[in-house]
Amino acid sequence: MTWRAADLHIHSALSPCAAKEMTPRRIVAQAARRGLGVIALCDHNSAANVRALQEVAQGLVLVVAGMEIMTREEAHIVGLFPDAERAEAAARSVRDTLPLLKKLPSVYEEQQLLMDAQDRVIGQEERMLGAASALDLDETVRLIHSHGGLAVAAHVDRPSFSVVSQLGFFPEPNDFDAIEVTPIGLRAGRERKFRDSGLPIIVSSDSHYLDNIGQGFTELDMNALDFESFAFAQKGPESGRRPRA
Ligand SMILES: [Zn+2]
Ligand SMILES: [Zn+2]
């Protein structure tokens, strides 16, 4: 078996709530330092910094092209896509439904940063990435699947912005491919509540700061460092997956 540590939920400075230190080069350097083999960049409602991160990470770390979509119910769903093109295509459908940033508040200055692989700011996203999209839960999962992605119910044990907090229950049946639990949730044994769902359970850091990267991760038995091996391990038997925090 070849175990690789995967932290599948990391934000860059494109996310309005993430620190400016979350630049492509610094994220990849920190991931490598923490011994991660796989990371997923999951900015809120956007995949616009994925290419920069993938360029930096070449040969170092596998960067899965991700996005954290906020549904109309204000539930967070992580989409993990085979490549940047498909993540960007899904992101366009989400972006079209987001309101424009209001011009005036200076609080948005130097936020929602679009960056290149040299950590240069190349622009700012003008849509409000922190807003809920117009897509409901089912439409969001369908959108992710239609672009070949895996749909993960994010931080299900958290009291806000999770499917459980927003609906009041974990929906059954559902079309999720995995359930994400927080590092704190895993340490408290809260993942046990979701065992009956039969879905793969993963742990991710949901990092908004460099120091959080790798604080939660899932060891995956992957024979190669590519999306195919990742998706196979992610969907495969539990013996090929070890959540850690
Ligand atoms: Zn979230
Ligand atoms: Zn997040």
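Key figures
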| quantity | calculated |
| --- | --- |
| Hull-based mean projected area of the chain, where the convex hull spans the alpha carbons, in square nanometres | 11.9 nm² |
| Packing-based ranking, highest mean first, of 41-53, 230-242 given that Cβ atoms within 10 Å are counted | 41-53, 230-242 |
| Amide H contacts under 5 Å for Q124, placed H, 5+ residues apart | L114 |
| 3J(HN,Hα) from dihedral phi, the stretch 199-216, Karplus parametrisation 6.51/-1.76/1.60, rounded to Hz, x for glycine, proline | 8, x, 10, 10, 10, 9, 7, 6, 5, 10, 10, 4, 5, 7, 4, x, 5, x |
| Net lengthening on full extension, S146/L225 (0.36 nm per residue, minus Cα-Cα) | 26.1 nm |
| Carbon + sulfur, % of accessible area of the stretch 74-199 - ligands and nucleic acids excluded, 1.4 Å | 50 percent |
| The stretch 146-232 - convex hull of alpha carbons, volume per residue in Å³ | 132 Å³ |
| Accessible area per residue, Å², the chain with all protein chains present, probe 1.4 Å | 44 Å² |
| Helical contribution to [θ] at 222 nm, DSSP H n ≥ 4, -39,500 (n - 2.57), averaged over the chain, rounded to 500 | -6500 deg cm²/dmol |
| Extension gain (nm, one decimal) between D119 and R192, 0.36 nm per residue minus Cα-Cα | 22.3 nm |
| Beta bridges by DSSP in the chain, antiparallel share as percent, to the nearest 5 | 60 percent |
| For the stretch 83-166, average projected area of the Cα convex hull in nm² | 7.1 nm² |
| Eligible aspartates and glutamates near K102 by straight Cα distance, threshold 17 Å, same-chain separation 8 or greater | E110, E125, E126 |
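The values are calculated or read from the model by the stated rules, or taken from the named source; none is laboratory data. Worth saying up front: this structure is predicted, and the values here are computed from it rather than measured. With ideal geometry, Cβ positions are generated from the backbone for all residues, glycine too; neighbour counts draw on all protein chains shown. In case anyone asks, the SASA skips ligands and DNA or RNA and just uses the protein heavy atoms, side chains included. Shrake-Rupley method; radii C 1.70, N 1.55, O 1.52, S 1.80 Å.
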